[in-house]
1. Please count how many residues of the stretch 1-40 are among the β-branched types (Val, Ile, Thr), assigned to a helix (DSSP H, G or I) and more than 24 Å from residue 89 (Cα to Cα).
2. What are the residue pairs meeting all of these: first residue in the stretch 28-41, first residue in contact (Cβ under 8 Å) with a residue 24 or more places away in the chain, second residue assigned to a helix (DSSP H, G or I) and among the β-branched types (Val, Ile, Thr), Cβ atoms under 7 Å, and 6 or more apart or on different chains?
3. Identify all residues within the stretch 1-56 that are closer than 19 Å to residue 86 by Cα and touching a Gly at 6+ places or on another chain (Cβ under 6 Å); write none if there are none.
4. Among the residues that make up the stretch 44-56, is at least one of them in contact with a Lys or Arg (Cβ under 7 Å, 6 or more places away or on another chain), modelled with pLDDT of 70 or more and not in a helix (DSSP H, G or I)?
5. What is the one condition in (1) at pLDDT below 85; (2) over 35 Å from the mean Cα position of the chain (by Cα); (3) exposed (fewer than 12 other Cβ atoms within 10 Å of the Cβ) that residue 70 does not satisfy?
6. Checking residue 60 against (1) surrounded by 15 or more Cβ atoms within 10 Å (Cβ to Cβ); (2) on the phi < 0 side of the Ramachandran plot: exactly one of these is not met. Which one?
7. So residue 79 fits all but one of (1) farther than 17 Å from residue 17 by Cα; (2) part of a helix (DSSP H, G or I); (3) at pLDDT 90 or above; what number is the exception?
Amino acid sequence: MKKLLVIENLAQLKSVSDPFRIELLTMLGEKPKTGQNLADELDIPRAKIHYHLNELMKNGIIHVVKTEEKNSIIQKFYEPVAKKVVPNIDLLKYVPDEKKKDSMSYNLRIKEEELSQFKKELKNFVKENSKKKSAENVSDYKVQIMPLGEEE
């Protein structure tokens, strides 16, 4: 078991932010246990335990340390990959996206043969509405047309 696991993505952070999963991690940290062991100790359905174990495993927070066959059933023993789990500080920083602050974006699907006419009509619409002195004070429109898959 490693000493420290640094969480590098939001999926991992989400998987350990659940209080029940923290309880499971604590129990698994004492000694490796199976889903059935945990279900018996907590007196809850094994399916619920396995759901949460799968989420933790999928995100690299726990792993299988050994397997045993008992009555033709393979039992998996889980433990945390590290003694401590901490988030990367960069995951917790909020950086506002100034570029998208006052903008709206829409994806439209237009047939290739209708694109030229759409561009003309859109330019006319923007030109007409830019000249109007409305209550909204619409003074600037920025229109950018690009093929799908090339969004900024």
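1. Here the count works out to 0.
2. Filtered contacts from the stretch 28-41: 35/49.
3. Matches in the stretch 1-56: 53 only.
4. Scanning the stretch 44-56 turns up no residue that is in contact with a Lys or Arg (Cβ under 7 Å, 6 or more places away or on another chain), modelled with pLDDT of 70 or more and not in a helix (DSSP H, G or I).
5. (1)
6. Checking residue 60 against (1) surrounded by 15 or more Cβ atoms within 10 Å (Cβ to Cβ); (2) on the phi < 0 side of the Ramachandran plot, the one that fails is (2).
7. All conditions are met except number (2).
The values are calculated or read from the model by the stated rules, or taken from the named source; none is laboratory data. These numbers were taken from a predicted model, which means no experiment stands behind them. Note: ideal-geometry Cβ built from the backbone for every residue, glycine included; neighbour counts use all protein chains shown.
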